[in-house]
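K.L.:
My questions will all concern the structure given below.
The values are calculated or read from the model by the stated rules, or taken from the named source; none is laboratory data. These numbers come from a predicted model, not from an experiment. Note that we place each Cβ from the backbone using ideal geometry, even for glycine, and neighbour counts take in every protein chain shown. In case anyone asks, the SASA skips ligands and DNA or RNA and just uses the protein heavy atoms, side chains included. Shrake-Rupley method; radii C 1.70, N 1.55, O 1.52, S 1.80 Å.
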Amino acid sequence: MLFGQGQGALPQLAGGRLSGFAQIGQGPEIRRIVDGLLDGMKGKNRIDAVDEFAYPLPVTVICKLLGVPLEDESRFHQWIETALDALDFGPEAASEEIRSRQAGACQAVQEFGQFAAGLLDRYARQPGPGMLSAMVNEDGTEGRMPKGVLVSNALLLIFAGHETTVILIAHSVLTLLRHPAALERLRRRPELIVPAVEELLRFESSVQFWHTRSAVEDIDIAGTTIPKGAPIFLAYGSANRDPNRFANPDELDLERRDNRHLGFSQGIHFCFGAPLARLEAQVAVGEFVRRVENPRLVEDSPPYRHNQIFRGPRHLLVDIDGIRD
């Protein structure tokens, strides 16, 4: 796990402040943020759909939800970027450059942890709004979480609460621009936004695979036994394009039926932030389609981050004719 362990303690608070993940999207706040971002693009002919749209929405929402000062965003954004740039499972992983990045990542994670610990200490002294204050000051069913677990979970929430949603929104815009017929269908039939987001989640998985699972017992698959305790890499991106599960899996179908993808994992590992991520994507993508006039990709493919797990565009330049009211 990139930012440590202990996330299993979070469900202790599920009956309390964690419900805010769903509640925050039920009001006007997400739409207000999206409208403000799009209004800020008026008068422009070219935008970066990552820097100006896909990133600011989730990071603003998660900061409000957790109680992280938004003015600290530039600090933790750099720490996260430094850590992500060092995640490399390819043939370059043993190179001097990657080893240098990994050393920088260790330092970044340490500084990020100190930042989170400082926030938690502040809320322990003076409780405030948001989930971090709740985690410090409220007891779960198994009592209050230890300091190390609190810090680990704070890092996880700050990171996971926005990074994968950034990728989801960016990939959704990119995919629709690559499929103009689907873009036009969604523009004419905005009620399709809910199944459209599910299909976009399946089509381009924000998390391509996960590497910290192990077999709890011997598992027989296709004549091969995975022994108990063996490490398992779960390839979500591959599973979401499995032709034995999805008809024409490499085709984008905004009205796909029985679309039970693994975009948020499954079982006990299912992402408890899924309701919030879905709402953010539905509002953001729906409003982008409705309000942005004649969007066109400047380059295809756009530059991608150097990361095999969290796969997404680093920038997404789009030429536009304007922004509708």
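K.L.:
Which of the residues spanning the range 260-292 are surrounded by fewer than 18 Cβ atoms within 10 Å (Cβ to Cβ) and under 11 Å from Glu199 (Cα atoms)?
P.N.:
Residue satisfying the conditions is Arg260 alone.
K.L.:
Where the second residue is open to solvent by 30 Å² or more (accessible area, probe 1.4 Å) and not in a strand (DSSP E or B) and the first is of a type in the set (Lys, Arg) and lies in the range 231-246, which pairs have Cβ atoms under 8 Å and are six or more apart or on separate chains?
P.N.:
The qualifying pairs are Arg241/Asp250; Arg245/Ala239.
K.L.:
With a cut-off of at least 2 residues that are closer than 19 Å to Val59 by Cβ and touching a strand residue (DSSP E or B) at 6+ places or on another chain (Cβ under 8 Å), name the helices (runs of 4 or more DSSP H) lying wholly within the range 154-235.
P.N.:
Hits in the range 154-235: 163-178.
K.L.:
State whether the residues of the range 68-90 include one that is open to solvent by 70 Å² or more (accessible area, probe 1.4 Å), at pLDDT 80 or above and in contact with a helix residue (DSSP H, G or I) (Cβ under 7 Å, 6 or more places away or on another chain).
P.N.:
Taking every residue of the range 68-90 in turn, at least one turns out to be open to solvent by 70 Å² or more (accessible area, probe 1.4 Å), at pLDDT 80 or above and in contact with a helix residue (DSSP H, G or I) (Cβ under 7 Å, 6 or more places away or on another chain).
K.L.:
Could I ask something else about it? Just give me the residues in the range 208-224 being open to solvent by 30 Å² or more (accessible area, probe 1.4 Å) and touching a Gly at 6+ places or on another chain (Cβ under 8 Å), in sequence order.
P.N.:
Answer for the range 208-224, where residues must be open to solvent by 30 Å² or more (accessible area, probe 1.4 Å) and touching a Gly at 6+ places or on another chain (Cβ under 8 Å): Gln208, Phe209, Ser214.
To keep it simple, each residue is scored yes or no on (1) touching a residue at least 12 places away in the same chain (Cβ under 8 Å); (2) more than 17 Å from Tyr55 (Cα to Cα); (3) in contact with a Pro (Cβ under 6 Å, 6 or more places away or on another chain); (4) surrounded by fewer than 21 Cβ atoms within 10 Å (Cβ to Cβ).
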| site | (1), (2), (3), (4) |
| --- | --- |
| Thr141 | yes, yes, no, yes |
| Ala154 | yes, yes, no, no |
| Ile158 | yes, no, no, no |
| Thr165 | yes, no, yes, no |
| His171 | yes, no, no, no |
| Arg185 | yes, yes, no, yes |
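K.L.:
Something else about it: Please go through the range 293-322 and give me each residue that is in a strand (DSSP E or B) and either surrounded by fewer than 17 Cβ atoms within 10 Å (Cβ to Cβ) or modelled with pLDDT under 90 (or both), ordered by number.
P.N.:
Within the range 293-322, Glu293, Arg296, Leu297, Tyr304, Phe310, Asp319, Gly322 meet the criteria.
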